[in-house]
Structure formats: C-alpha cells, structure tokens
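Data first, discussion second: the structure below is written as structure tokens.
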Amino acid sequence: MNREQKTTYVNDLKSVIAANEGILVYHYEGITVKDLESLRTKMRESGAFLKITKNRITKIALKGSKAEKLEKFFKGPTAIACSKDPITLAKTLVNFSKSNEKLKILGGLMDEKLLEPSDVAHIATLPTLNEARAKIVGILAAPAQKIVSILLAPSAKIVNLMHAKNLKN
C-alpha cells in the first residue's frame, strides 16, 4: 500500500466509523474464506459493514474519533463490523460465533460506550428495533380489541339466541 492508498484507507475508515452507531472488533484467525464470505453475506443482509483491517493503519484512523477507545483491541488478525443498528449487528456476529468457534469477539463500541465480549453477548439478546415496535403495537392494540369484544358480546348473544329460536321453529 503506498502513501496515497493509506491516506484513502484511513479517510474511508474514519467516515465509516463516524456514520455508524455500533462497532464490533473481532479476531478471525483460522476461519475459512468460505465462512468469511458467509459472514459477509449475513452482515450485508442486516445492513452492516465488515472490514478486515490493518492494525497500525486502523489505529491511525481511530485517533481523534469517537471510537478511539477501541485501539486496545487491535492486536493480531482483527476485523471490524459496523452498523447503524448495533443490536442487529451484535445478534448477527454472536450467532455466527456460536456456529464458528474460531471467531472471537474482542469488544466494541455502542453510543461511545466501550463494550466487553460479555456486553456484546447481552446486547445480542435484546429485541431489535422492529421487534420492539411490534411488541409495543401488540400491547397497545390488545386493550382496544378487548373493549370491542366486550361491546359486541351482548349483541352477539342476542343474534345467537334469535338464530337458535329460528332453528327450533
């Protein structure tokens, strides 16, 4: 990589870091290319960005950014995953690490808070934004459905009674 390519790499990485709410750092040593491609596909489907990084250059990109705290994780064969939806990002990476033990989550950053691997695993258990919205809609819709069924119950009983009477005659 020449100097101009390194500058471009650093600037691109800075813009990716600035644009995303969740950043996870992991080791990928020993993972096959096929498995890495599978992970990339899953990440793309969930709207995440995945990049195998050069540690020294990545540390330069982290300096002065909101993700500067992540610098301590960049030792060995590291990669980063970034997304605007950190919960989906954590779910995808944790689920993949369960099926591929060679992927080791080192930590991450969410809303400028440093995360340890246990924090990432906990975040992966939380509902995604769409799941949370669906639960809220379900909670709000349930009382309305109960009120409607209570209001309609007497008239339904009368209709059923009249129908039964007509069948007997």
query: After finding the eigenvalues of the alpha carbon gyration tensor for segment 3-126, what semi-axes result from the square roots of 5 times each, listed largest first in whole Å?
result: 21, 16, 13
query: Measuring from centroid to centroid over Cα atoms, what is the spacing of segment 109-138 and segment 53-73 in Å?
result: 24
statement: Length gained, residue 99-residue 163, 0.36 nm per residue minus C-alpha separation, equals 17.1 nm
- prompt: So which trypsin sites (Lys or Arg not before Pro) in segment 72-140 pass both tests, a DSSP loop state and at most 14 other Cβ atoms within 10 Å of the Cβ?
  reply: 75, 84, 102
- request: Please give the calculated 222 nm ellipticity per residue for the chain, where each DSSP H segment of at least 4 residues contributes -39500 (n - 2.57) and the sum is spread over every residue; nearest 500 deg cm²/dmol?
  value: -19500 deg cm²/dmol
- prompt: Each label point is 7 Å from the Cα along the Cα-to-Cβ direction; what then is the distance between the points at residue 135 and residue 75, in nm?
  reply: 3.8
query: Taking 0.36 nm per residue of separation and subtracting the Cα-Cα distance, what length does fully extending residue 112 through residue 16 add?
result: 33.1 nm
field: Point-to-point label distance, residue 29-residue 84, nm (Cα→Cβ direction, 7 Å offset)
entry: 3.6
message: Taking 8 Å as the Cα distance limit and 6 or more residues as the minimum spacing, I'd like the relative contact order of segment 1-131 as a percentage.
response: 35
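Once fully extended, how much extra length lies between residue 146 and residue 2, figured as 0.36 nm per residue of separation less the alpha-carbon to alpha-carbon distance? Intermediate values should be presented prior to the final figure.
Working: separation 144, 0.36 × 144 = 51.84 nm, distance 6.80 nm.
Full extension from residue 146 to residue 2 adds 45.0 nm.
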- request: Could you please rank 122, 27, 163, placing first whichever residue has the fewest other Cβ atoms within 10 Å of its Cβ?
  value: 163, 122, 27
Cα-based helix-to-principal-axis angle, 33-45 vs the chain, degrees rounded to 10: 50
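Laboratory data are not the source of any read-out in this text; all were calculated from the coordinates shown. Fair warning: this is a prediction, and the values are worked out from it, not measured in the lab. Quick reminder, even Gly has a Cβ in these numbers, built from the backbone with ideal geometry, and neighbours come from all protein chains shown.
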